[in-house]
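Chemist: Before I ask anything, let me first share the structure, which is written out below as structure tokens.
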Amino acid sequence: MKASLDRFMRHLGSPAVETVTSVFDRWSDLVGEQVAARARPVSLRDGVLVVAVEDPAWATQIRFLEAQVLAGIAAEFGPDEVVRIEVRVRPDRAR
């Protein structure tokens, strides 16, 4: 069943289900509690992790931390699972 779901997810441009779940579940470990309180992952497709933030200042902070976050994800889940981070300012959805 897991293999079938992983194949389906790959067909849709998503990484393995376990990777998506782990990145989302371990977000605060990857970015720290302070950043995680203001920014959250909302989707992962074709190697692009979309992160929602509550204001433009946090968007700047995430962009500044992008290389560090990508390195942490690569160390945990492999180098090609997430290759870029897109930041979206969504005040009503960031929390």
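Taken together, the values in this text are just the output of simple stated rules run on the coordinates, not laboratory data. Not measured: the values here are computed from a predicted model. Counting neighbours? That spans all protein chains shown, and the Cβs are built from the backbone with ideal geometry, glycine included.
Chemist: Taking interchain pairs and intrachain pairs at least six residues apart, which have beta carbon atoms under 6 angstrom, with the first residue in segment 28-55 and part of a loop (DSSP other than H, G, I, E, B) and the second exposed (fewer than 15 other Cβ atoms within 10 Å of the Cβ) and not hydroxyl-bearing (S, T, Y)?
Modeler: D46/G13; G47/V83; E54/P91
Chemist: Something else: Quickly run through segment 31-58 and pick out the residues that are of a type in the set (A, V, I, L, M, F, W, C), over 10 Å from V82 (Cβ atoms) and buried (at least 19 other Cβ atoms within 10 Å of the Cβ). Give the derivation first.
Modeler: Taking segment 31-58 and keeping what is of a type in the set (A, V, I, L, M, F, W, C), we get 31, 35-37, 39, 42, 44, 48-53, 57-58.
From what is left, the residues that are over 10 Å from V82 (Cβ atoms) are 31, 35-37, 39, 42, 50-53, 57-58.
Once the filter is applied, which keeps residues that are of a type in the set (A, V, I, L, M, F, W, C), over 10 Å from V82 (Cβ atoms) and buried (at least 19 other Cβ atoms within 10 Å of the Cβ), segment 31-58 yields V31, V35, A39, V51, A52, V53, W58.
Chemist: Tell me which residues, restricted to segment 56-95, are part of a helix (DSSP H, G or I) and of a type in the set (V, I, T).
Modeler: Residues of segment 56-95 that are part of a helix (DSSP H, G or I), as a first pass: 56-77.
T60, I62, V69, I73, listed by residue number.
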